[in-house]
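All remarks here apply to the structure that follows.
The values are calculated or read from the model by the stated rules, or taken from the named source; none is laboratory data. Predicted, not measured: the structure shown is a model, and the values here were computed from it. Ideal geometry is used to build each Cβ from the backbone, glycine not excepted, and the neighbour counts take in all protein chains shown. Ligands, DNA and RNA are stripped out before the accessible areas are found, and what is left, the full protein with its side chains, is counted by its heavy atoms. Shrake-Rupley method; radii C 1.70, N 1.55, O 1.52, S 1.80 Å.
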Amino acid sequence: DEDFIRGACREYVAAVSDFYGGEALVCYASKAFSCKEMYRIANAEKMGADVVSGGELYTALAAGFPAGKIYFHGNNKTKKEIEYALKNGVHALVADSLSEIELIASVAARVKKTAPIMLRLNPGIEAHTHHYIRTAAVDSKFGLAVGSGDAFRAAGRVIQDPNLAFVGLHTHIGSQIFELEPYGLVTGVFVNLAERLLREYGAETPEFNFGGGAGVRYTQEDKPFAFRGLVKFIADSVKTETAKAGLKKPRLVLEPGRSIVAEGGLTLYTVGVVKEIPGVKKYVCIDGGMFDNPRYALYQAKYEMVLANRANDTDTEKVTLAGKCCESGDIIIDGGQLARAQRGDLVAVFTTGAYNFSMASNYNRNAVPPAVMVKDGAARLIVKPQTWAQIAARDV
């Protein structure tokens with residue numbers, strides 16, 4: 001839904017302008033849903049973008065997105081990706097470890113480019129969300145640990161290297177977050193480290209990047225907060241705490257992804273087999289599955305659904321929406337309510353705009369479905385359907 005997506009972009013952009021001022025940037029988090037049309041929309045809405053792979057960066061550049069507004073993330077960038085990013089002039093490489101800083105420095109020296117470095121911190125802050133999408137806990141694979149001193153050592157390494165330029169501090173504490181307090185704790189971590197860097201190296205911290213993570217509504221139980229409230233909370237905390245510490249007001253960067261696209265998307269499936277195990281459960285089998293949406297298999301994600309061709313039917317029953325892959329765990333919704341379905345019906349699963357298409361695979365050599373954008377009653381393909389021949393095309 002193009003209007004929903006653009007509306008979310010505009011709400012974020014307006015909020016950072018209203019509550020923080022000109023020195024702020026909202027970046028679209030590509031990993032939620034990456035394709036050329038999404039980068040065109042993000043660019044038109046005056047946003048930056050964050051990417052986490054050479055493939056996402058290539059797609060953004062191919063869509064005409066300005067490299068100077070791109071942040072390149074990832075916990076294990078390859079030499080090829082680092083060189084590609086540097087040669088194209090991305091705004092920042094977000095370094096995830098001390099060893100990655102060494103790798104970036106060596107590539108920068110070889111290609112004779114100064115590498116702009118933002119440090120991803122692991123502040124040890126646990127947001128109350130599923131442990132697979134909680135990314136700033138002490139044992140997370142992401143980021144430079146603040147408590148161990150790695151973050152400070154990494155900053156010193158960057159500040160003192162002529163091949164590197166210190167851009168700022170970043171963290172992403174998780175996804176599907178429904179509380180504001182963790183973001184306030186992040187501000188404190190940023191300010192403490194920035195204060196120490198100024199004191200010991202005479203170096204200002206130009207940017208504070210809070211990542212994303214705002215929760216969205218997958219089911220009626222989810223209670224997301226308003227985007228403007230989130231932005232105001234972060235903006236106020238940064239302005240207050242940096243002023244107290246005597247620091248220059250940094251540029252504020254946010255990286256929403258899920259909250260931009262999730263509720264703007266749905267997936268349409270066609271019902272095939274309907275199988276009832278008396279006294280146990282009823283399966284409604286569809287022409288998709290974990291190859292187009294692995295989120296239930298990964299972390300038991302919850303969704304709501306409806307028969308799209310009989311949406312007003314109120315005679316519902318408890319069913320399990322099952323995919324067509326050869327896996328017992330190939331489930332989309334377990335024990336959801338659906339009108340009595342039969343072969344040929346269309347099932348709409350809601351809030352699938354984020355981390356569905358972007359996580360799709362060719363498992364069992366199933367084809368990744370197309371993506372359609374709708375606006376003003378008209379629909380257009382933004383990603384073409386994949387064919388079996390295309391799946392096999394790279395085979396030797």
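Observations on the model:
- Checked against the criterion of being over 18 Å from the mean Cα position of the chain (by Cα), on the phi > 0 side of the Ramachandran plot and either open to solvent by 10 Å² or more (accessible area, probe 1.4 Å) or modelled with pLDDT of 95 or more (or both), the candidates 246, 188 yield just one match: 246.
- Applying the condition of being touching a helix residue (DSSP H, G or I) at 6+ places or on another chain (Cβ under 7 Å) and surrounded by fewer than 21 Cβ atoms within 10 Å (Cβ to Cβ) to the stretch 54-63 and asking which residue is farthest from residue 176 (Cα to Cα) yields 62.
- Of the residues making up the stretch 285-327, just one is open to solvent by 30 Å² or more (accessible area, probe 1.4 Å), touching a Leu at 6+ places or on another chain (Cβ under 7 Å) and of a type in the set (Val, Ile, Thr), namely 316.
- Here 195, 181, 207 are screened, and the one residue that is surrounded by fewer than 17 Cβ atoms within 10 Å (Cβ to Cβ) and among the charged types (D, E, K, R) is 181.
Per-residue answers, yes or no, for (1) outside any loop (DSSP other than H, G, I, E, B); (2) of a type outside the set (A, V, I, L, M):
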{"site": "182", "(1), (2)": "yes, yes"}
{"site": "190", "(1), (2)": "yes, yes"}
{"site": "193", "(1), (2)": "yes, no"}
{"site": "196", "(1), (2)": "yes, yes"}
{"site": "216", "(1), (2)": "no, no"}
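- Residue 138 vs. criteria modelled with pLDDT under 75 and more than 18 Å from the chain's Cα centre (by Cα): yes
- Flag for residue 342 being open to solvent by 80 Å² or more (accessible area, probe 1.4 Å), touching a residue at least 60 places away in the same chain (Cβ under 8 Å) and over 22 Å from residue 53 (Cβ atoms): yes
- For residue 114, the test of being open to solvent by 10 Å² or more (accessible area, probe 1.4 Å), of a type in the set (Val, Ile, Thr), at negative phi and touching a strand residue (DSSP E or B) at 6+ places or on another chain (Cβ under 6 Å) is passed.
- Of all residues in the stretch 64-73, exactly one satisfies the criterion of being crowded, with 24+ Cβ neighbours inside 10 Å and over 9 Å from residue 92 (Cα atoms), namely 65.
- When the stretch 34-53 is filtered for residues that are assigned to a loop (DSSP other than H, G, I, E, B), free of Cβ contacts under 8 Å to residues at least 40 places away in the same chain and open to solvent by 10 Å² or more (accessible area, probe 1.4 Å), the ones remaining, listed by number, are 45, 46, 52, 53.
- Of the residues making up the stretch 77-99, those that are open to solvent by 60 Å² or more (accessible area, probe 1.4 Å) and touching a helix residue (DSSP H, G or I) at 6+ places or on another chain (Cβ under 9 Å) are 78, 79, 80, 84, 87, 88, 98.
- Residue within the stretch 252-262 that is buried (at least 22 other Cβ atoms within 10 Å of the Cβ) and over 21 Å from residue 30 (Cβ atoms) present: no
- Residue 208 vs. criteria touching a residue at least 24 places away in the same chain (Cβ under 8 Å), among the aromatic types (Phe, Trp, Tyr) and either out of contact with any strand residue (DSSP E or B) (no Cβ under 9 Å at 6 or more places or on another chain) or over 20 Å from residue 92 (Cβ atoms) (or both): no
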